[in-house]
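The values are calculated or read from the model by the stated rules, or taken from the named source; none is laboratory data. Keep in mind that what you see is a predicted model, and the values were worked out from it rather than measured. We place every Cβ from the backbone using ideal geometry, glycine too, and count neighbours over all the protein chains shown.
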Amino acid sequence: MRQFQSRGLILASHPHLHKGYVLKIFTSQQGSISAYLQSQKHLDPLLCSPLCEAEWLLQDSYDRDLFYVREATIITPFLAIRQHLSSLQWAGKLLQIILTTQLPQKPSSPLYALTIHYLRHLYPETPHPSWFSSFLLKLLKWEGLLHHPLHCTVCQAPSRAILPGESYCLSHAPPFSFRFHHVEESLLEKLLFIKNLKDLPPIPHGQEVLREIEALQSYATRM
Ligand SMILES: [Zn+2]
């Protein structure tokens, strides 16, 4: 049986027949996988808890979609995030997006690094809608679904409407595109390219921008 070792973040965990847990793990080597973790007497409960990053030794099983956990060592359980309900909810949204967008066993090491980077910079005082919008935009770019630079495909004016893989000014935007009427031109670029997450700009009327980006993300995922 083949074994491999990888860092991985638990996205979801389901108890199985009181004997163990089926974990969804986003790994740096193999992307999103399912793995069976057997219950043991001294099992650290964090090892079957979403939002825990660990080093995993995983082994193939007869079911090619399920690995067995041979060994696991916690790297970080992100305890600081767990202590604040609001941060925990936003981290949960991020895990959910990875869970719904990443195909099983699609290698995505840069996206893994990006995910961990965003979680490491999630504090109670973080402007959460900006934090999540920025992650979603980077994810769209990583998936090749965000046209860059954010200029109109037709006339090169700054883009204010987006479709997966295309962007438009408001004059050339197709009726069903995702529009950012009220967003200052540079905000989407700032959120997309920001390196230091301490400098995240707050979003004016934040929920509306976030809602448009979430709608774009969800539309792109269904394509
Ligand atoms: Zn245009």
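The single condition from (1) surrounded by fewer than 12 Cβ atoms within 10 Å (Cβ to Cβ); (2) at pLDDT below 85; (3) touching a Ser or Thr at 6+ places or on another chain (Cβ under 7 Å) that Pro202 fails is (2).
Here is a yes/no grid of residues against (1) within 28 Å of Pro127 (Cα to Cα); (2) assigned by TED's automatic domain parsing to the domain that holds Ser130; (3) not basic (Lys, Arg):
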position	(1), (2), (3)
Ala12	yes, no, yes
Gln29	no, no, yes
His42	no, no, yes
Ile97	yes, yes, yes
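Taking region 133-143 as the range and being in a helix (DSSP H, G or I), over 9 Å from the mean Cα position of the chain (by Cα) and either surrounded by 23 or more Cβ atoms within 10 Å (Cβ to Cβ) or in contact (Cβ under 8 Å) with a residue 40 or more places away in the chain (or both) as the test, the residues that pass are Ser133, Ser134, Leu137, Lys138, Leu140, Lys141. Thr126 satisfies every condition listed in (1) within 30 Å of Gln83 (Cα to Cα); (2) in a loop (DSSP other than H, G, I, E, B); (3) under 16 Å from the mean Cα position of the chain (by Cα) except (3). Reported count of residues in region 101-138, each being in contact with a helix residue (DSSP H, G or I) (Cβ under 7 Å, 6 or more places away or on another chain) and aliphatic (A, V, I, L, M), is 6.
For every residue, the table says whether it meets (1) in contact with a Cys (Cβ under 9 Å, 6 or more places away or on another chain); (2) away from the ligand (no atom under 16 Å from the Cβ).
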{"site": "Leu119", "(1), (2)": "no, yes"}
{"site": "Glu125", "(1), (2)": "no, yes"}
{"site": "Pro129", "(1), (2)": "no, yes"}
{"site": "Leu137", "(1), (2)": "no, yes"}
{"site": "His147", "(1), (2)": "no, no"}
{"site": "Cys152", "(1), (2)": "yes, no"}
{"site": "Pro158", "(1), (2)": "yes, no"}
{"site": "Ile162", "(1), (2)": "no, no"}
{"site": "Ala173", "(1), (2)": "yes, no"}
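Among residues of region 175-196 being within 15 Å of the ligand (Cβ to nearest atom) and part of a loop (DSSP other than H, G, I, E, B), the one that is nearest to Ser130 (Cα to Cα) is Phe180. Just wondering, is there one or more residues in region 84-99 that are out of contact with any Pro (no Cβ under 6 Å at 6 or more places or on another chain) and in a loop (DSSP other than H, G, I, E, B)? So far as region 84-99 goes, no, none of its residues is out of contact with any Pro (no Cβ under 6 Å at 6 or more places or on another chain) and in a loop (DSSP other than H, G, I, E, B). Does region 25-37 include one or more residues that are without any contact (Cβ under 8 Å) to a residue 60 or more places away in the chain and under 19 Å from the mean Cα position of the chain (by Cα)? Yes - at least one qualifying residue is present in region 25-37. Listed by first and then second residue, the pairs with beta-carbon distance under 7 Å, at least 6 apart or on different chains, first residue in region 148-160 and of a type in the set (S, T, N, Q), second outside any loop (DSSP other than H, G, I, E, B) and within 8 Å of the ligand (Cβ to nearest atom), are Thr153/Tyr168; Ser159/Tyr168. Set side by side, the residues Pro175, Pro110, Pro164, Pro149 differ, and just one is surrounded by 15 or more Cβ atoms within 10 Å (Cβ to Cβ), over 24 Å from Ser86 (Cβ atoms), out of contact with any strand residue (DSSP E or B) (no Cβ under 7 Å at 6 or more places or on another chain) and not assigned by TED's automatic domain parsing to the domain that holds Gln30, which is Pro164.
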